[in-house]
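K.L.:
Below: one structure in structure tokens.
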Amino acid sequence: MTHEAEKRERSVEAEFLNRLLETNGSMARTVIEVFENASELIDKIDALLVRHALKSGFDRESVFESFGDKNFADGFTDILEQAEKLSALYFLANPGNQNPQKYSAVVAAVQEFISLMRQAQDEGNIPATLSAKDAFKLIAQNITALALQDKGCEVTTIIELDAHHLAEHDIRGCMQLAETLSEHGCSLSAMEKLLLHQSMVYHSVGYMVPPVLDAIAEKGMNGKQLGIPMLAAHYIRSQYEDPTSAWKSIFSEKAFDLVHRAILFQDKGSLGTPDMALQVTPQPTENVRSHNLEAIIRIAHRAPEGAEQMHPVAAATNSARR
């Protein structure tokens, strides 16, 4: 990441921190002290992901190498097959944790993600040189992140960590909102839809860090959750900056910035308001597109459980048009 991009990103996180201090006072200061020094916590997330994959029987390096030198387009079918196998390892293979409903929801979301990658490549927003190995590395990381968060439901009752909720409510809610925008003449590109997927997969990943998850399990939501967006944003930044990560092979710096903001401001915008009104225009500017991505994440994240409850979709769109 360039020096200017890093300065810009840090300033975005400063917006979040200042707003947190203004609205939550002394409790926010305690939370900020934990989350500002997040390198150890980020390492724990990575370690948890690797350990969960190994415990579930996912031989990562062997599967990655099985793609050889194939590019993404040529390895498309193999990627789909391996994604379904990995999802089955997490949600069907363990007799004590079999859940066909979660498996089906995750597979459907992943299939859509892979299809959107193909469309984004056709649109010129993903390099034609993308390898099948790098594509699957990101997909495998995403599936493992969903499965690991789902394990958190065994420790606490945070519904946001449930794999079915993440796939069927959060991601599906984002796609419904994207479709609503399209119906009103403001279509999202395949890459923008990918960014919505990616944001939702990782927006709650901070709950999985033991100090946070354990504290919430013991004392409930007593303020620890205030820093979750920042920790999740820290984590995905660590992924984008990692030279061994597949993130850079798929997402441009600009695309990463959009995911980072969407995660950081998943509850409220940079001005401290919910700001969920979608801006509908046939020729949206970059600022409008960025705003809509953030607003979609907030609407889907904050909407009640169940697709039939997604009334903010129409309400936000209609209000934006007036």
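K.L.:
Which residue is farthest from Leu41 (Cα to Cα), if the candidates are limited to the range 190-211 and must be modelled with pLDDT of 95 or more and small (Gly, Ala, Ser)?
P.N.:
Only one residue tops the list, namely Ala190.
K.L.:
Evaluate the range 26-46: report whether one residue or more is closer than 19 Å to Gln149 by Cα, modelled with pLDDT of 90 or more, under 22 Å from the mean Cα position of the chain (by Cα) and part of a helix (DSSP H, G or I).
P.N.:
No, that holds for no residue.
K.L.:
Among the aliphatic types (A, V, I, L, M) and part of a loop (DSSP other than H, G, I, E, B), is that true of Ile171?
P.N.:
no
Residues are listed down the side, and each one gets a yes or a no for (1) at pLDDT 75 or above; (2) within 13 Å of the chain's Cα centre (by Cα); (3) assigned to a helix (DSSP H, G or I):
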site: Leu213; (1), (2), (3): no, no, yes
site: Ile216; (1), (2), (3): no, no, yes
site: Gly227; (1), (2), (3): no, no, yes
site: His234; (1), (2), (3): yes, yes, yes
site: Leu258; (1), (2), (3): yes, yes, yes
site: Pro284; (1), (2), (3): yes, no, no
site: Val288; (1), (2), (3): yes, no, yes
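Listed here are the residues, each with its yes/no results for (1) over 17 Å from the mean Cα position of the chain (by Cα); (2) hydrophobic (A, V, I, L, M, F, W, C).
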residue	(1), (2)
Val107	no, yes
Ile143	no, yes
Val155	yes, yes
Glu179	yes, no
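K.L.:
Any residue that is without any contact (Cβ under 8 Å) to a residue 60 or more places away in the chain, in contact with a helix residue (DSSP H, G or I) (Cβ under 9 Å, 6 or more places away or on another chain) and either farther than 15 Å from Leu196 by Cα or of a type in the set (Val, Ile, Thr) (or both) - is there at least one of those in the range 163-182?
P.N.:
No, that holds for no residue.
K.L.:
Determine whether Asn99 is over 22 Å from Asp78 (Cα atoms), touching a Phe, Trp or Tyr at 6+ places or on another chain (Cβ under 7 Å), surrounded by fewer than 20 Cβ atoms within 10 Å (Cβ to Cβ) and not small (Gly, Ala, Ser).
P.N.:
yes
K.L.:
So which residues in the range 54-74 are loosely packed, with under 13 Cβ neighbours inside 10 Å and hydroxyl-bearing (Ser, Thr, Tyr)?
P.N.:
Within the range 54-74, just Ser62 meets the criteria.
K.L.:
Might you check whether a residue that is in contact with a Phe, Trp or Tyr (Cβ under 8 Å, 6 or more places away or on another chain), part of a helix (DSSP H, G or I) and modelled with pLDDT of 95 or more occurs anywhere in the range 47-63?
P.N.:
yes
The values are calculated or read from the model by the stated rules, or taken from the named source; none is laboratory data. Just so it is clear, the model here is predicted, and its values are computed rather than measured. Backbone-built Cβ (ideal geometry, glycine too); neighbour counts: all protein chains shown.
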